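Colleague: Dumping the structure here so I can ask a few things about it.
The values are calculated or read from the model by the stated rules, or taken from the named source; none is laboratory data. Keep in mind the model is a prediction, meaning the values are calculated, not measured. Here the Cβ is made from the backbone with ideal geometry for all residues, glycine too, and neighbour counts use every protein chain on show. The accessibility values were calculated without ligands, DNA or RNA, using every heavy atom of the protein model including side chains. Shrake-Rupley method; radii C 1.70, N 1.55, O 1.52, S 1.80 Å.
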Amino acid sequence: MTLTGELLIGASRVPATAGVMKAFNPATGELIEPEFAFGGRAEVDRALHLADDAFDSYSHTGLAERAAFLDLIADKLEAAKDEIAARTALETGLPAAQFEGETVRAAGVFRKFATVVRQGRFLQTAIDPAQPDRLPTPRMDHRLQKVALGPVVIFGASNFPISYSVAGNDTASALAAGCPVVLKAHNAHPGASEIQGRIIQQAVAEAGLHEGVFSLVRGDGNEIGEALVDHPLVRAVTFTGSEGGGMALYRRAQKRPDPIPVFTEMTSVNPTFVLPGALAARGAEIGTGLVQRGMYNVGQACLKPAILFAVDGPGYAELRDAAVAEVEKVDARPMLTMGIHDTYTRNVQRMQDHGATRLGSGEAPVRAADGQSLLLEVTGEQILAEPALREEVFGPTLLLVRLTGTEQMLEVARAFRGQLSATMHAESTDRSVAEQLLPVLERRTGRIVFNAFSIPQEVSYASTHGGPFPATSDSRFTSVGMGAIERFVRPVTYQNFPDELLPQPLRETNELHLWRLVDGELTRD
Ligand code: NAP
């Protein structure tokens, strides 16, 4: 595919109206062709009017038709995996093989959502048949199903240019729910965004859907994001990025005349707790594993196990030495953007200013965008006294925390704000501490990992990628996994309706063979 750099508004490709940009190759420090268009409020308005025009027909597509559309996107993504990977590698400085895998996984997510749509469980259909003879008052027939919210705005993330970007979980789950999508492409990977966007645009056309089902816009600075959140036709927003950016958009949406949900995924350090039995039994193995997982994607992962807690006792020195040895093997690698690199450098300095000592480091930076891998250490007292030490450093830095005992471990666990995940390494001898730690973690996280690491993440029915603030702005939902669709639907009850006017999933014959709650009993009859 020849990149043109245009915006994708419905079926049209639209040239720049508000300037242009070029992609940046962080590995070479050079700008890459072609120029990519910036749009403004007029393009946002056009995309959202098209999305609104598409809503009625798209949200009423049959389940089989919508599932086939998602499968088509998956096929097209997979067929273009080499092209997507090559361009993404240029725009990130990371290996193409990583992005081939990410594209194949993203295609798999679209296929899983196609299955979710066919199964129709997300509709949560419930039927309470009429009881005309009920005393003292008869009951009318009540039937409930979930319906799509309306046009959704999705902010593509910087750090996973496919699976959290244009063809990512947010897009797959919104389209599965029946919501048209207007995607705000991240400027860190405009070419990768264009390829994915044109694939979805082609799939919309081939599936015979209204062109407004998908648009992709790009802009300079905050104006375009603000225009998207402000637009009266938007019904929900998703965002993955910084706490500052996420909360600015969240607050803006709450000030609209008609506030709308903004599902933000923002910040998490994914604390890892190594209980004394596990530390003594396999401290070195845990130290090595921590660095291997923590340095994935140059540490630019929301699930990076950033902070590890262990009691200064048997196994601590082994864990620390193994982690130091592993970090010293890490090459200098470029970070995604110069902005992210500069923030990383400032945050590492902040940690050191607050008393973190350097235990080990990877290769010194070779290029301007390189982020040096670091292993830092503080004591339990220090991290309890200084909240800044508990905050995310987005990039290849890990922090070990040396504790005085398991009481202090519980105390530091209680000091955390909301997290996407937390991890516990334990042996059977650790049972009593594990039982005390578990409710503390449950209250603060969306996923608790046992004797493993928070990376890699499974995208499945039982996945949660969410958690209390500031991990997200709404802990009731997940942004990854099949449950992500629930963000984009709302219940409607049809009371006393004739069968022929009901939506197909609620009709008496149940031709789609869906699982439905009929008078409180789950049945496919
Ligand atoms: P970001 O600065 O939060 O930006 C994310 C997206 O939101 C971009 O498209 C950005 O547009 C837009 N945006 C941000 N603030 C906005 C505002 N006030 N009004 C309108 N639009 C706004 O995130 P980033 O660019 O990905 O990286 C910056 C930092 O975010 C990183 O250093 C890291 O700390 C954090 N981050 C965290 C995670 C995580 O999962 N924990 C993931 C990615 C990033 P522009 O690009 O045009 O500004």
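Colleague: Evaluate the Debye formula for the stretch 294-440 with equal point scatterers sitting on the alpha carbons, no solvent, and hand back log10 of I(q)/I(0) at q = 0.10, 0.14, 0.20 Å⁻¹, in q order, two decimals.
Modeller: So the normalised log intensities work out to -0.35, -0.68, -1.30.
Colleague: With N residues in the stretch 368-525, what two-decimal value do you get for its Cα radius of gyration over 2.2 N^0.38 Å?
Modeller: Working: Rg = 22.7 Å, N = 158, 2.2 N^0.38 = 15.1 Å.
The stretch 368-525 yields a ratio of 1.51.
Colleague: What percent does the relative contact order of the chain come to when contacts are Cα pairs within less than 8 Å and at least six residues apart?
Modeller: 17 percent
Colleague: Roughly how much of VAL269 is accessible, in Å² to the nearest 10, using a 1.4 Å probe?
Modeller: About 0 Å², ignoring ligands and nucleic acids.
Colleague: Further, regarding this structure: How many angstrom separate the Cα center of the stretch 1-72 from the Cα center of the stretch 475-490?
Modeller: Centre-to-centre (Cα) distance: 24 Å.
Colleague: How much length would be gained if the chain were fully extended between LEU517 and GLU33, taking 0.36 nm per residue of separation minus their Cα-Cα distance, in nm to one decimal?
Modeller: My answer for the length gained is 168.7 nm.
Colleague: Note the direction-averaged projected area, equal to a quarter of the hull surface, for the Cα convex hull of the stretch 276-371, in nm². Don't skip to the end; give the middle numbers.
Modeller: On the way: hull surface 25.1 nm².
Convex hull of Cα atoms, orientation-averaged projection: 6.3 nm².
Colleague: Something else now. Taking 2.2 N^0.38 Å as the expected size of a compact globular protein, what ratio does the Cα radius of gyration of the chain give against it, to two decimals? Could you put the intermediate results ahead of the total?
Modeller: Numbers: Rg = 24.6 Å, N = 525, 2.2 N^0.38 = 23.8 Å.
Relative to the 2.2 N^0.38 Å estimate, the chain comes out at 1.03.
Colleague: Moving on to the next point. Where the centroid of each part is defined by its Cα atoms, how far is the stretch 394-429 from the stretch 287-336 in Å?
Modeller: Centre-to-centre distance over Cα atoms comes out at 14 Å.
Colleague: Please say if the stretch 50-104 is rounded, prolate or oblate, where rounded means a/c under 1.5 for a ≥ b ≥ c the square roots of the C-alpha gyration tensor eigenvalues, and otherwise the choice is prolate for a/b larger than b/c and oblate otherwise? Before the final figure, lay out each step's value.
Modeller: Working: a/c = 4.56, a/b = 2.30, b/c = 1.98.
It comes out prolate by the Cα gyration axes.
Colleague: Next up: Over the chain, average the accessible area per residue using a 1.4 Å probe and give it in Å², no decimals.
Modeller: Spelled out: the 1.4 Å probe surface of the chain, per residue, equals 39 Å².
Colleague: Hey, if we sort PHE36, PHE263 by accessible area with the 1.4 Å probe, largest down, what's the order? Mind dumping the intermediate values first?
Modeller: Details: PHE36 0, PHE263 25 Å².
I get PHE263, PHE36, largest accessible area first.
Colleague: Using 1/(1 + (r/R0)^6) with R0 = 22 angstrom and r between the beta carbons of ALA317 and GLU411, what's the FRET efficiency to the nearest 0.05?
Modeller: On the way: r = 23 Å, r/R0 = 1.04.
After rounding, the FRET efficiency stands at 0.45.
Colleague: Still on this structure, please answer the following. Keeping to pairs on different chains or 8 or more places apart, tell me how many lysine pairs in the chain have Cα atoms under 23 Å apart.
Modeller: The number of close lysine pairs in the chain is 9.
Colleague: What's the whole-number percent of alpha carbon pairs in the stretch 1-115 lying beyond 18 angstrom?
Modeller: On the way: 4338 of 6555 pairs.
Percentage above 18 Å: 66.
Colleague: Right, something else. Based on the Cβ-Cβ distance from ALA97 to GLU226, what FRET efficiency comes out when R0 is 51 Å, to the nearest 0.05? Display every interim value, and only then the final one.
Modeller: On the way: r = 38 Å, r/R0 = 0.74.
For ALA97 and GLU226, the calculated efficiency is 0.85.
Colleague: How large is the helix-only mean residue ellipticity at 222 nm for the chain, computed as the sum of -39500 (n - 2.57) over DSSP H runs with n ≥ 4, divided by its residue count, in deg cm²/dmol to the nearest 500?
Modeller: After summing the helix terms and dividing by the residues of the chain, the value is -12000 deg cm²/dmol.
Colleague: Next question. May I ask you to evaluate 6.51 cos²θ - 1.76 cosθ + 1.60, the Karplus curve with θ = phi - 60°, for each residue of the stretch 447-460 and list the ³J(HN,Hα) values in order in whole Hz, giving x for glycine and proline?
Modeller: Per-residue couplings from phi come out as 8, 10, 9, 10, 6, 7, 10, 6, 10, x, 9, 8, 10, 8 Hz.
Colleague: Regarding the stretch 98-189, what whole-number volume in Å³ per residue does the convex hull of its Cα atoms give?
Modeller: So the per-residue Cα hull volume is 105 Å³.
Colleague: At a temperature of 10 °C and a viscosity of 1.306 mPa s, determine how fast the stretch 196-283 diffuses translationally according to Stokes-Einstein, using the Kirkwood radius over alpha-carbon pairs as Rh; express D in µm²/s, rounded to the nearest whole number.
Modeller: The diffusion coefficient I find is 96 µm²/s.
Colleague: Calculate how steeply helix 96-119 sits against the longest principal axis of the alpha-carbon atoms of the chain, using the helix alpha-carbon long axis, and give the answer as 0 to 90 degrees to the nearest 10.
Modeller: Approximately 40 degrees, to the nearest ten.
Colleague: With each label point set 7 Å from Cα along the Cα-Cβ vector, what nm distance links HIS49 and ARG367?
Modeller: Using points 7 Å along Cα→Cβ, the separation is 4.3 nm.
Colleague: Provide the percentage of antiparallel DSSP beta bridges, counting only those with both residues in the chain; round to the nearest 5.
Modeller: On the way: 31 of 69 bridges.
So the antiparallel bridges in the chain amount to around 45 percent.
Colleague: Still on this model: If I model a spin label at GLU427 and VAL20 as a point 7 Å from the Cα along the Cα→Cβ vector, what separation in nanometres do I get?
Modeller: The answer from the label model is 6.4 nm.
Colleague: Counting only protein heavy atoms and a 1.4 Å probe, tell me what percentage of the chain's accessible area is made up of carbon and sulfur. Present the calculation step by step, with values, prior to reporting the outcome.
Modeller: Numbers: 10780 of 20550 Å².
After summing per-atom areas, the C and S share lands at 52 percent.
Colleague: Let me know the charge dipole size of the stretch 272-450 about its Cα centre in debye, to the nearest 20, where only the beta-carbon of Lys, Arg (+1) and Asp, Glu (-1) is charged.
Modeller: Details: 18 positive and 22 negative charges, 100 e Å.
Result for the stretch 272-450 is approximately 480 debye, rounded to the nearest 20.
Colleague: Note the full-extension length gain between GLU243 and ASP258 as 0.36 nm times their separation in residues minus their Cα-Cα distance, in nm to one decimal.
Modeller: Numbers: separation 15, 0.36 × 15 = 5.40 nm, distance 2.33 nm.
Between GLU243 and ASP258, full extension yields 3.1 nm more.
Colleague: Based on the alpha-carbon set only, what is the convex hull volume of the stretch 135-245 divided per residue, in Å³? Present the calculation step by step, with values, prior to reporting the outcome.
Modeller: Working: hull volume 17.3 nm³, N = 111.
For the stretch 135-245, the hull spanned by Cα atoms encloses 156 Å³ per residue.
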